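The values are calculated or read from the model by the stated rules, or taken from the named source; none is laboratory data. Please read these numbers as outputs of a predicted model, since none were measured by experiment. Note: ideal-geometry Cβ built from the backbone for every residue, glycine included; neighbour counts use all protein chains shown.
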Amino acid sequence: MLVKELIQELQKFNPEQEMVFHCDIESGRSFSSCKEGDYGIEVEDLDEDEIKEQLIKEMGYSDEEDLDEDETKDLNKWVKEYEPKVVFSISGEETDYE
């Protein structure tokens, strides 16, 4: 989701209306829920090494030395194209669990 899409969605509501945050997480056979949690908003601020590390993990490797020549070229291209993301997180106490 782009920030502008979130802003457009929020413009549909009264700015004086109270907002609560809710999060459901399903993992395998279990389900966890957090009602009325807190939120955090920050811009992901990664340096080049952190970007590489994240991309290497997404590629299924543990180290840059595991990449072949083409994968290394792709990695360097993706690092140059990388743009920071706005991270919106919801945290709170677990209220339901199955």
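Scan region 1-23 for residues that are over 19 Å from Ile90 (Cα atoms) and surrounded by 10 or more Cβ atoms within 10 Å (Cβ to Cβ) and the total you get is 1. Being modelled with pLDDT of 90 or more, surrounded by fewer than 13 Cβ atoms within 10 Å (Cβ to Cβ) and either part of a loop (DSSP other than H, G, I, E, B) or under 17 Å from the mean Cα position of the chain (by Cα) (or both) is a description that does not apply to Glu26.
Scanning region 29-61 for residues that are modelled with pLDDT under 90, surrounded by 14 or more Cβ atoms within 10 Å (Cβ to Cβ) and farther than 21 Å from Val86 by Cβ yields Ser32, Ser33, Lys35.
Cβ-Cβ contacts under 6 Å between residues 6 or more apart (or on different chains), taken from a first residue in region 6-24 that is in contact (Cβ under 8 Å) with a residue 40 or more places away in the chain and under 17 Å from Ile41 (Cα atoms) to a second residue that is surrounded by 10 or more Cβ atoms within 10 Å (Cβ to Cβ) and of a type in the set (Val, Ile, Thr), are listed as Phe21/Ile90; Cys23/Ile90.
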